[in-house]
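The structure under discussion appears below in the form of structure tokens.
The values are calculated or read from the model by the stated rules, or taken from the named source; none is laboratory data. Every value quoted in this text rests on a predicted model; they were computed, and no experiment measured them. In this analysis, Cβ positions are derived from the backbone assuming ideal geometry, glycine residues included, and neighbour counts consider all displayed protein chains. To get the accessible areas, we keep the full protein, side chains included, count just its heavy atoms, and leave off ligands, DNA and RNA. Shrake-Rupley method; radii C 1.70, N 1.55, O 1.52, S 1.80 Å.
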Amino acid sequence: MKPFLHHLLASTRLSLLPVLLLIGALSGCGSSDSGLVLDLPDDLSVAAAESGTTEDAASESVTESPEAPATAAPKTLLNLEKDELKFGFIKLTDCAPIVIAREKGFFADEGLQVEVIAQPNWKTLLDNVINGELDGAHMLSGQPIAATIGFGTKAHVITAFTMDLNGNGITVSNSVWEQMQQHDENLKSPTPKHPITADALKPIVQEKLASGEKLQMGMVFPVSTHNYELRYWLAAAGINPGFYTKTDIGGRTDAEVELSVTPPPMMPATLEAGNIQGYCVGEPWNQQAVAKGIGVPVTTNYDIWKNNPEKVFGVTKKWADENPNTHLAVVKALIRAGQWLDETNAAGDLINREEAARILSRPDYVGADYDVIKNSMTGFFFFQKTDKRPMPDFNVFFKYHCTYPWYSDGVWFLTQMRRWGQITEPKPAEWYDETAKQVYRPDIYKQAARMLVSEGLLAESDVPWETDGYKEPTSDFIDGVLYDGHDPIGYLNSHKIGNKD
Amino acid sequence: MKYKLIKAIDVAGLTFLTPVVRLCYGEEPKKQLQEIGRFIVVPLIAFAVFVGLWGAIAPRHKTKSGEVPTPLVVWDAASSIWRFHDREADKEDAYGLSGKTREQKLAIVEKRLSQLEPLETLANQHVKEANAARTTSVEELVGPILTQYEKLDAEFSAAQTEREAALKRDAGLLASADRAAREAYLQRVRDHAAKTEAEREQLKELKAEETAIRAEKFPQLVNALKAQTRIAEERQYLGKLSEQLGHGNRTLKLDEQMAQLRADQVTFLSAEGDAAFMLAQRIVRQEARIQKTSESTYAKPWTLPMQIYRSLACVFAGFLIGSAIAIPIGVLCGLSKTFMAAMTPFIALFKPVSPIVWLPIALIIVGGFIPDPDKHWLIDFLANLPLLGWMKINPAFIASAITVALCSLWATMTNTALGVASIDKDHLNVARVLRLGFKDRLFKIVIPSSLPLIFAGLRISLGVGWMVLIAAELLSSSEGIGKFVWDQFNNGASDSFAKMMVVVFVVGLIGLVLDRIMIVFQRLVSFDDAAAAI
């Protein structure tokens, strides 16, 4: 405590100095120049000598210590509006960039002290960001968009950083899996061919419907990637997952399979209790089902849409406007965390993921067993206890320009909201573009990236500087439909099930 | 002395200690020993039996989330909770260390880190070996089952196709009018379906057997993993600690920023025009930054001991709010039958409402009053209080406290009303004779003579409040014991179950202590020698 006080005293004394100097300089202007030049250095040298004596050995060790960043690359120190921040997250492995930026000191390097707080569900998380309880959070891609257009809680939320690609899976209960195997001989093999479509699920759905029941499946939030992926997977096999309408905000109109919301960490328990027969959720909750032997992951979202955008880092527009420099510092730290997570050795193996899994398994972060988290984080996925497959791109945190906030990602989520009726009115193509631009803020991202490049911490080629914000059109979907972000209406009309404009 | 001690013990409600004191003074040794046997030894034995039974029964009940933890596992979990707290406190300290202490500590940490390295390699080796051993042993056990499964599967599907083929063939031979033959045929199809089902069941059983073997715990692997985890966790902790002592250290950061400031100041002296303005601006900014850095603290995560402290603060906040409402209303109810009649419907209506209903309502209302918690004067004020400041009191905390108040005030209110209503008429008559004013009557007669019952009510209220609080925290995710339990449940790790059991004991113990404290108060204000309820 004592040396700390010394520092405080020293700093306050020093802070008075420039004021005195300025006054001296102003008054000096009137008399003579030589007085100014003579007076000030004397003052300064005295002050420097004084502060030198108040500081102990620590200051000397700085100059000797090789770790001192002062000797490293020049750092653009931002003038932070706020340096103690609170970020929320949900217990999922894809919160890794935030956790890693904290634990590996990337936030500290920017002068930030960040508290990372687990939230019970996505709704509470969003509410806490909007009401200012949290400064920012690990969010579902659909959340900033939905909040901005006013589906659910209305608030202008923006994102300047995409946290990861892929990382979800669809798990069904053991009994549904057995029935699927009966309907499709190919699934009986201990290592069935992938991707597994919902075709084998269709007869089960129909049997249930015939007996007046509906298959129940869980997803994590109405505007979550999981909801859209699960719907996509079902609809690709001709199963109607139900529509949202003005009066039906549960999304069950015409449904053949009913989807309901369950917070991610609760999924395995809800499946085990029999309230749902399957779910779509992020990791580690699919691997947890395998570890506990309560369900079988049938597919990952990598199979549904290769390299699909997943979580984003969201803040309110108000917060971003009030704390522009802090926001930049945060994005800088997050980019570095993503880079650290995707670091590979010469052979192309991810080298930091085991350490990341170890950190994430701490009880105040994801908290699941290290072994369970490790599977997917190190690029493997257990589909059954005997079916372990390499999936190097199961979680992508940096590759493929993934951290860049792409407008085309925003447009895709908007098309899904329209497809399933969360957006009740038809909208023109320009609206999609404008809305995406309100939420996704590559300008902030690029500014942060530019600083990192000039500090030598990021390669020039790691950022798509010249893009218009739209990814190349792709048909890497499970049903092979082409998606071009410039043509949302055409994309909507190319689906069999779903609203068409 | 003896009687003083006994009296103190009596007031504290620790009557089971009385025979010990009496025995020490040599009073009727035989009787005292008997009493000790009954009130101390028997409960201890009962507890020991409970722990023994628990230890014996727990491992037999397997859930999919893991085994029910034995007392030993729970003890382990408790120490791991404590370790986490300890380590986080260490990191916090490390951030603020400076000078020689910092260097010494850093040296210790580095040394321990280098010691850990070979240990870690060894642990990894062990895990690998255990894994291999497990795989071979599992394969050995599973192998015959699998071969049998495959054999049966092939047999059954061959038999099924054969039966189906026969049935199809015979379908062609059915004469159009032969009802009996048709019925017999139908029966055959039924039998076929039943048989197929039975065969499927048989296969399912085999599969279940295989799954059970695969799920079986392998002690060697479990131990190896445990050792590996412990080492890896320690390494993680030391790594962060060395960062906090090294380049992440506050003092070092400050020094670096100071050096920069000084350099800027020197250049500023010779700068002119625009450059001078820029430099001056930079200097001012740097000063602000130094100020912030010197005030910064390590963002420490919540640990159970901190959460317990916060829960206690929350329950007392709620308890005080509740009592402040309940006692005045209770007194008025006791004094005036009319007022009581007016209040009865509200008491009857709101008393049974569950905390789960009050909480969201309280959250919404508090949220309405405090739209921007970061800048609200109340939150700001609370954050600067000496003992409460670090707890980061937020709207969720206030809502939880209000929920506690709403659920716990009824016992105090009804007890107060009863206490006031049952004051000895003679006392009131004396007051009337002395022509005491309302104020005097209230503070000299009414409240003093109803205090024992008021405190009995308060004691129940505190107990209810403590129970309600855990649920409220769990729902509002306000940091505290409830949040800890919820986080553990969400973690679903192998030790989560045991950690929740630790909380059971912690909550129980704190509840017990709170209750005892209230008993002491109750005794202190009682005139009569009524025995305290246990």
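For A:Asn166, the residues whose amide H sits under 5 Å from its own are A:Asn308, A:Glu310, ignoring neighbours fewer than 5 places away on the same chain, with H placed 1.01 Å from N.
The figure for B:Ser526 is an accessible area of roughly 30 square angstrom, using a 1.4 Å probe on the protein chains alone. Structure note, pairs A:Lys471/A:Lys496; A:Lys306/A:Lys385; A:Lys91/A:Lys374; A:Lys123/A:Lys332; A:Lys292/B:Lys217; A:Lys82/A:Lys123: Cα-Cα distances above 18 angstrom occur for A:Lys471/A:Lys496; A:Lys306/A:Lys385; A:Lys123/A:Lys332; A:Lys82/A:Lys123.
From helices alone, the protein assembly as shown scores -21000 deg cm²/dmol at 222 nm; the rule is -39500 (n - 2.57) for each run of n ≥ 4 DSSP H residues, then divide by the residue total. Among B:Val331, B:Val73, A:Thr344, whose Cα lies farthest out toward the positive end of the dipole of the protein assembly as shown, if unit charges sit on the beta carbon of Lys, Arg (+1) and Asp, Glu (-1)? Most positive-ward Cα: B:Val331. Here the Karplus curve 6.51 cos²θ - 1.76 cosθ + 1.60, taken at θ = phi - 60°, turns the phi angles of segment B:28-39 into couplings of 6, x, 5, 5, 5, 4, 4, 4, 4, x, 6, 9 Hz, with x standing for Gly and Pro.
If you take the Cα atoms of the protein assembly as shown, find Rg, then find the Kirkwood Rh from the mean of 1/r over all pairs, what is Rg/Rh? Don't skip to the answer; put the middle values down first.
Numbers: Rg = 34.8 Å, Rh = 33.6 Å.
Result: Rg/Rh = 1.03.
Note that the protein assembly as shown presents 46 Å² accessible area per residue, ligands and nucleic acids not counted, probe 1.4 Å. Residues in segment B:431-438 carry Karplus couplings, in order, of 4, 5, 4, 6, 6, 6, x, 4 Hz; the curve used is 6.51 cos²θ - 1.76 cosθ + 1.60 with θ = phi - 60°, and Gly or Pro positions show x.
Among A:Tyr432, B:Tyr237, B:Tyr3, the sequence by solvent-accessible area, most first, with a 1.4 Å probe is B:Tyr3, B:Tyr237, A:Tyr432.
The H on the amide N of B:Trp302, modeled in the peptide plane, is under 5 Å from the matching H of no residue at least 5 residues off or on a different chain. In order along segment B:270-287, the phi-based Karplus estimate (6.51 cos²θ - 1.76 cosθ + 1.60, θ = phi - 60°) of 3J(HN,Hα) comes to 9, 7, 9, x, 4, 4, 5, 4, 4, 5, 4, 4, 4, 4, 4, 4, 4, 4 Hz; Gly and Pro are listed as x. Accessible area of B:Asp374 (1.4 Å probe, protein heavy atoms only, ligands and nucleic acids ignored): about 80 Å².
Taking amide H as placed 1.01 Å from N in the peptide plane, the amide H of A:Leu201 sits under 5 Å from none that are at least 5 places away or on another chain.
Classify chain B from the C-alpha gyration tensor, please: rounded if a/c falls under 1.5, else prolate or oblate depending on whether a/b exceeds b/c.
oblate
Report the Cα centroid-to-centroid distance between segment B:308-345 and segment B:412-456 in angstrom, as an integer. After rounding, the separation between the Cα centres reads 17 Å. With viscosity 1.306 mPa s and temperature 10 °C, the Kirkwood radius over alpha carbon pairs of segment B:2-60 converts through Stokes-Einstein to a diffusion coefficient of 122 µm²/s. Segment A:455-500 and segment A:291-368 have their alpha-carbon centroids 21 Å apart. For B:His85, the solvent-accessible surface with a 1.4 Å probe is about 30 Å², rounded to the nearest 10.
For the protein assembly as shown, give the share of DSSP beta bridges that are antiparallel, in percent and rounded to the nearest 5; count only bridges with both residues there.
Numbers: 32 of 48 bridges.
The antiparallel proportion sits near 65 percent.
Surface composition of chain B: carbon and sulfur make up 66 percent of the accessible area, probe 1.4 Å.
At the nearest 100 Å², what buried accessible area, both sides summed, do you get for B and A when the probe is 1.4 Å?
The B and A chains share an interface burying roughly 6400 Å².
Please list B:Lys7, B:Lys128 from largest to smallest accessible area, probe radius 1.4 Å, with all protein chains kept in place. Could the numbers behind the result be given before it?
On the way: B:Lys7 115, B:Lys128 145 Å².
Heavy-atom accessible area, descending, gives B:Lys128, B:Lys7.
For the segment A:365-376, counting C-beta atoms of other chains within 10 Å of every residue's C-beta and taking the mean gives 4.
For B:Leu44, B:Leu17, what's the largest-to-smallest order of accessible area, 1.4 Å probe?
Details: B:Leu44 115, B:Leu17 60 Å².
The residues order as B:Leu44, B:Leu17, largest area first.
Round to a whole angstrom and tell me the spacing of the C-alpha centers of segment B:90-131 and segment B:176-219. Each part's Cα centre sits 59 Å from the other's.
Which lysines have a Cα lying under 22 Å from the Cα of B:Lys100, excluding residues fewer than 8 positions away in the same chain? Result set, ordered by chain and number: A:Lys2, B:Lys91, B:Lys111, B:Lys240, B:Lys253. The lysines within cross-link reach of B:Lys4, meaning a Cα-to-Cα straight distance under 25 Å and a gap of 8 or more places when in the same chain, are B:Lys30, B:Lys31.
Does segment A:163-236 come out rounded, prolate or oblate by the C-alpha gyration tensor, with a ≥ b ≥ c the root eigenvalues, rounded set by a/c under 1.5 and, if not, prolate when a/b is larger than b/c and oblate if not? The partial results should precede the final answer.
Working: a/c = 2.29, a/b = 1.25, b/c = 1.83.
Oblate.
Taking trypsin sites (Lys or Arg not before Pro) across segment B:374-476, the ones in a DSSP loop with at most 15 further Cβ atoms lying within 10 angstrom of their Cβ are B:Arg435.
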